[in-house]
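No lab work stands behind these numbers, since they all come straight from the coordinates. Quantities reported herein were computed from a predicted structural model and do not represent experimental measurements. Methodologically, a virtual Cβ is constructed for each residue, glycine included, from the backbone with ideal geometry; neighbour enumeration extends over all protein chains shown.
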């Protein structure tokens, strides 16, 4: 999985994930994602290029969102596919972190 971090003039940071978000991807990218979310900046995690997320990917997302909140940051998920959105709703993840379809909607959450 590829991770690209975009700064938005200080308002927020967008972290774009590209590729499968499965156990091998988690092992390969966990430290990079952690480093990108280390401070208290507001973060949009852009999942529009992620075709699927398995349990290890969801676990990493929750862990990073929680740690980021502990540092005073807010996180919004962008572009979650329909299947993953149903899982987020069934497990209550959507109650812990906002899930948006459009970038403008995600930015408005800060």
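Tabulated data
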read-out	value
Helical contribution to [θ] at 222 nm, DSSP H n ≥ 4, -39,500 (n - 2.57), averaged over the chain, rounded to 500	-13500 deg cm²/dmol
Spin-label pair residue 28/residue 54, simplified geometry with 7 Å Cα→Cβ offset, distance in nm	1.3 nm
Extension gain (nm, one decimal) between residue 39 and residue 7, 0.36 nm per residue minus Cα-Cα	10.2 nm
Relative contact order of the chain, defined on C-alpha pairs under 8 angstrom at six or more residues apart (%)	24 percent
Of [x] 13.7; [y] 16.5; [z] 14.3, the label for Kirkwood radius over Cα pairs in Å derived from the coordinates	[x]
Extended-chain gain in nm, criterion 0.36 nm per residue less alpha-carbon gap, residue 109 and residue 81	8.1 nm
